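For reference, the structure is listed below as structure tokens.
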Amino acid sequence: MNKDIFLTNNLTNKKEKFVPLDEKKIGMYVCGPTVYDNPHIGNARPLVIFDILFKVLKCKYGKNTVTYVRNITDVDDKIINSSKENNISIADLTKKIIKIFTDDCDFLNCEKPSEEPKATEHIELMIKMISKLIDKGFAYENKKHVYFLVNKFKDYGKLSNKKLEDLIAGSRINVSENKKNSEDFVLWKPSIDKEPFWDSPWGKGRPGWHLECSAMSKKFLGDKFDIHGGGLDLLFPHHENEIAQSRCANDTDMFANYWVHNAFITMSNEKMSKSQGNILKISDFKKKMSGQVLRLALMTAHYKQPLDWNDKLLNDCKNTLEKWYEVYIKLDTKIKIPDEMLLPLYDDLNTPGYIANLHKLYEKASNGKDKDKKIFVSACNFIGLLNQTKEAWLDFKKLKSLISEEDIIKKITLRNKARDDKKYEEADKIRDELLDKGVLIEDKDGKTNWKLK
Ligand SMILES: [Zn+2]
């Protein structure tokens, strides 16, 4: 489509027109998972958001022009601790979690990135980068540690809007550390006990976490590239440190041109945390619902806004898909989506706006014309929805409710007891809670029946 893409760039705090360095070679780097535990719903948001951005970029610039790199952190303190706690080798643990992560991405219908480099396969590049930083005077070695000298980089804090003086004032040097300044961060540290290690000019050790993204983005996208993405929690210090390392090592005035961050998922709804317990791991949802429900739910808020996660949201999304599948039609050929349909996505990835357009297309498709149904399904497919056939969706539905049968019966017993005790407010609350989970209850002839909505 001959329209510009706009993105909110955290480097300038402005919504800006996206101008690639090279229209034929677009690069996007997104910080990927640290593979120490099953991914949870918070990890799912960037997966879906940047998958959509990948699709939008390909739509504008062509399928083979976009390189999307998402790394896998497979050496880190959290991994070492989890391996000790669970008595499993680091290799077995990371292999297991990478498999779960890949399955989760499939479940969410996310396309595979162009590259998924692992940190442990790029240690040599990281060592090279550290040596360069030491040679140029941006880093120093002390007792087998190497630190980045933050006060040597004049733009430090520009991305996160932090002033170096404030950072210094807000931190204290830990006596066990060997840094010159409190704000310096580690590039290399010695490995102790049975921790994984690599040989380096500074002894047996392992890299600091921030370094891998600088090394791997350079390998796959070069010294400068277009978009760097990730969750908002990575803005500081991780992304700030990536910029410092890369620009100083590569001698550039720029690292990534556009910094795009997704906001958090919040759990303000008490009902969710109480009733769902541990069902915040993506893999746990698999037994309960189609991945499409999750995917749609993750798009309902703009990526810059927090998304409140609750049962009602999931139930609404399930009902929306249910409705949309009524006009589902199998596509034999590729159908062009009207340009105006895509406008919200081009405008800073406005997914709620795109969903609103889908609702309009659905209304049109409901009149029964195959042509309109095809356009509707094609527009859904564009953002990774309705890719399952109707049969597969219906199959899923049969066994999917947000609550087990045993729990439904328990809840109904509690609700009826509350009614007997004349605690009507409490009884109504339980009924509404069940309704939020898609369970409808009816009282008839002194008995309570239930069914799935
Ligand atoms: Zn990173």
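Quick look at the numbers
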read-out: Failed condition for Tyr354, given (1) of a type in the set (Ser, Thr, Tyr); (2) open to solvent by 10 Å² or more (accessible area, probe 1.4 Å); (3) part of a helix (DSSP H, G or I); value: (2)
read-out: Subset of segment 321-351 [open to solvent by 40 Å² or more (accessible area, probe 1.4 Å) and part of a helix (DSSP H, G or I)]; value: Glu322, Lys323, Asp339, Glu340, Leu343
read-out: Residue satisfying condition, being open to solvent by 30 Å² or more (accessible area, probe 1.4 Å), within 16 Å of the ligand (Cβ to nearest atom), outside any helix (DSSP H, G or I) and of a type outside the set (A, V, I, L, M, F, W, C), within set Tyr36, Tyr68; value: Tyr36
read-out: Check on Asp51, away from the ligand (no atom under 15 Å from the Cβ) and open to solvent by 10 Å² or more (accessible area, probe 1.4 Å); value: no
read-out: Residue list for segment 266-288, filter: within 30 Å of Lys390 (Cα to Cα) and modelled with pLDDT of 85 or more; value: Lys281, Ile282, Ser283, Phe285
read-out: Single condition Lys78 does not satisfy, out of (1) modelled with pLDDT of 95 or more; (2) open to solvent by 50 Å² or more (accessible area, probe 1.4 Å); value: (1)
read-out: Search result, residues across segment 189-230 that are within 11 Å of the ligand (Cβ to nearest atom) and open to solvent by 10 Å² or more (accessible area, probe 1.4 Å); value: Trp209, His210
read-out: Helices (runs of 4 or more DSSP H) wholly inside segment 361-453 containing at least 3 residues that are open to solvent by less than 30 Å² (accessible area, probe 1.4 Å); value: 370-382, 405-420, 424-436
read-out: All positions within segment 240-256 that are part of a loop (DSSP other than H, G, I, E, B) and either more than 13 Å from the ligand (Cβ to nearest atom) or at positive phi (or both); value: Asp251, Thr252, Asp253, Met254
read-out: Hits in segment 3-29 - residues which are assigned to a strand (DSSP E or B) and open to solvent by less than 80 Å² (accessible area, probe 1.4 Å); value: Phe6, Leu7, Thr8, Asn9, Glu16, Ile26, Gly27, Met28, Tyr29
read-out: Options Glu177, Glu165, Glu183: the member that is crowded, with 17+ Cβ neighbours inside 10 Å, at pLDDT below 95 and not basic (Lys, Arg); value: Glu183
read-out: Odd one out for Lys318 among (1) more than 19 Å from Ala263 (Cα to Cα); (2) open to solvent by less than 10 Å² (accessible area, probe 1.4 Å); (3) charged (D, E, K, R); value: (2)
read-out: Test for Asn71: is it touching a Cys at 6+ places or on another chain (Cβ under 8 Å) and in contact (Cβ under 8 Å) with a residue 24 or more places away in the chain; value: yes
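The values are calculated or read from the model by the stated rules, or taken from the named source; none is laboratory data. Everything numeric in this text was worked out from a predicted model, so none of it was measured. Cβ sites come from the backbone with ideal geometry, for glycine too, and all protein chains shown count toward neighbours. Just the protein is used for accessible areas: all its heavy atoms, side chains included, with ligands, DNA and RNA removed. Shrake-Rupley method; radii C 1.70, N 1.55, O 1.52, S 1.80 Å.
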